[in-house]
Amino acid sequence: MILGVIADDFTGATDVASMLVRAGMQTVQVLGVPAEGLPEADAVVIALKTRTIPAIDAVAQSLQAMEALRKAGARQIYFKYCSTFDSTAKGNIGPVTDALMQALGADFTIACPAFPENGRTVFRGHLFVGDQLLSDSGMRHHPLTPMTDANLVRVLQSQTQQSVGLLRYDGLQKNAAGAVAQLRTEGVRIAVADALNNGDLLTLAEVCAELPLITAGSGVALGLPPAYQRRGWFQPSDSAAQLATVQGPVAVVSGSCSEATNAQVARWIADGRTAIALDPLALHTGAQTAESLLAEALPVLAGGPVLLYATAAPDRVKAAQAELGVEAAGALVEHTLATVAQGLVQAGVRRLVVAGGETSGAVVQALAVQQLRIGAPICPGVPWTQSALPQSGEPLLLALKSGNFGGVDFFAEALRQAGAAL
Ligand code: ADP
């Protein structure tokens, strides 16, 4: 193993793994730290769920993951967070970075959430989401990690005792190694790095390839494989993204209520495809159940793809939350969709698209999937993945989409890419 990645959430792990595969690294994603040790691959991504938990727990879990990766031979550790730098007032980006630096004996690292292909750029230390500053974007209303300051130097400095500085765009352009050396001389321990395009990410990766620790969104991962290759550490493989060919019925389950997913569901319905809606209130009274949903879905599966969705507009989500409570509504929908996914797989579905980060976590857990081999991207940040069913070992292809990703035709596009005739 060359690179060991610790990701602070599930779909974020798939996102960074996808970047590595794109650049020719064989990459496996595991869910948590497996007791039986880590698989063989150029890169292993450990998916944690540490973004919003108490900092002390996030630190403990991240250190445990780091130790497993080091034990398996990782030359470099990568702490992956969201491209919108999602963090609470107390962390967890700062505390986890501090702990990893200390454990690895690192006296310098970078922090760079930039992902230009998805509109996330950093300039003068300020994070932009498309044309807006982070603090003007929808992220300011996020229920768990509202981001109200776009100045990442300030945000990160409030989460760590170590000195946070800025690796400026101009320095990066002119002489990146010199700019880094200068920051180190000034006593900077964590440098927020500007990056406006993939070229900047390549430069940044090259100058950071031998650091014990990198902290970043998924973007920087794009530049690491070529930097490793220049050092003779690995050869890119043409088959890195190759997954098994599978047949049979296909389906989509969606528990994301993001704008992007709402548009994707609307498009699916407008295209005249089969769609079955979940109603949280009916689930609560028992008028609708996972069994009743499956009874509706299974008979039509043979005729074409089926979408089961809880996706709804904000006013409908709010109404359900007012009636049931935010957490209870979320848990009820997640649990039902996970049971539905189980039923679909039992009925022979081997290509399944899941929309929603939390929803994906619930589905993968219900299917008892432990490892995902990462395939080709459907859109930036969302690849097809292959896992083995626990009983039979049969291949199962999953596309796990975090809420805001994907174009309006994402569901059909994903299924077509997996060989389904639509
Ligand atoms: P995203 O990636 O878009 O954030 P997630 O799956 O992570 O999607 O989160 C969406 C949350 O909203 C889940 O907990 C899901 O169960 C919940 N949810 C989905 N549909 C509804 C609904 N109609 N009413 C209330 N909550 C819902």
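Condition test on L38, is it assigned to a helix (DSSP H, G or I) and surrounded by fewer than 24 Cβ atoms within 10 Å (Cβ to Cβ)?
In short, no.
Taking the options M139, M147, name whichever one is surrounded by 23 or more Cβ atoms within 10 Å (Cβ to Cβ), of a type in the set (A, V, I, L, M, F, W, C) and either assigned to a loop (DSSP other than H, G, I, E, B) or not assigned by TED's automatic domain parsing to the domain that holds A260 (or both).
M147
Does T215 satisfy being polar (S, T, N, Q), in the same structural domain as H141 (by TED's automatic domain parsing) and either open to solvent by 40 Å² or more (accessible area, probe 1.4 Å) or outside any loop (DSSP other than H, G, I, E, B) (or both)?
yes
Kindly indicate the residue of region 308-346 that is outside any helix (DSSP H, G or I) and touching a residue at least 40 places away in the same chain (Cβ under 8 Å) and also farthest from the ligand (Cβ to nearest atom) among those meeting that condition.
Checking each candidate, the answer is L308.
Output the number of the condition that L278 fails; it satisfies all remaining conditions of (1) within 15 Å of the ligand (Cβ to nearest atom); (2) within 24 Å of the chain's Cα centre (by Cα); (3) not charged (D, E, K, R).
For L278, the failing item is (2).
In region 158-177, is there at least one residue being among the polar types (S, T, N, Q), under 25 Å from P95 (Cβ atoms), open to solvent by less than 50 Å² (accessible area, probe 1.4 Å) and part of a helix (DSSP H, G or I)?
No, region 158-177 contains no residue that is among the polar types (S, T, N, Q), under 25 Å from P95 (Cβ atoms), open to solvent by less than 50 Å² (accessible area, probe 1.4 Å) and part of a helix (DSSP H, G or I).
Can you report the number of residues in region 255-274 which are more than 10 Å from the ligand (Cβ to nearest atom), under 26 Å from the mean Cα position of the chain (by Cα) and buried (at least 17 other Cβ atoms within 10 Å of the Cβ)?
Going through region 255-274 one residue at a time, the tally reaches 3.
Kindly provide the set of residues from region 295-307 that are more than 16 Å from the ligand (Cβ to nearest atom) and either assigned to a loop (DSSP other than H, G, I, E, B) or within 26 Å of the chain's Cα centre (by Cα) (or both), ordered by number.
A302, G303, G304, P305, V306
Does G419 satisfy the criteria of being touching a residue at least 24 places away in the same chain (Cβ under 8 Å), more than 12 Å from the ligand (Cβ to nearest atom), among the small types (G, A, S) and open to solvent by 20 Å² or more (accessible area, probe 1.4 Å)?
yes
The values are calculated or read from the model by the stated rules, or taken from the named source; none is laboratory data. Note that the structure is a prediction, hence the values are computed from the model and not measured. Cβ: placed from backbone, ideal geometry, glycine included. Neighbour counts: every protein chain shown. These accessible areas exclude ligands, DNA and RNA; they are computed on the full protein's heavy atoms, side chains included. Shrake-Rupley method; radii C 1.70, N 1.55, O 1.52, S 1.80 Å.
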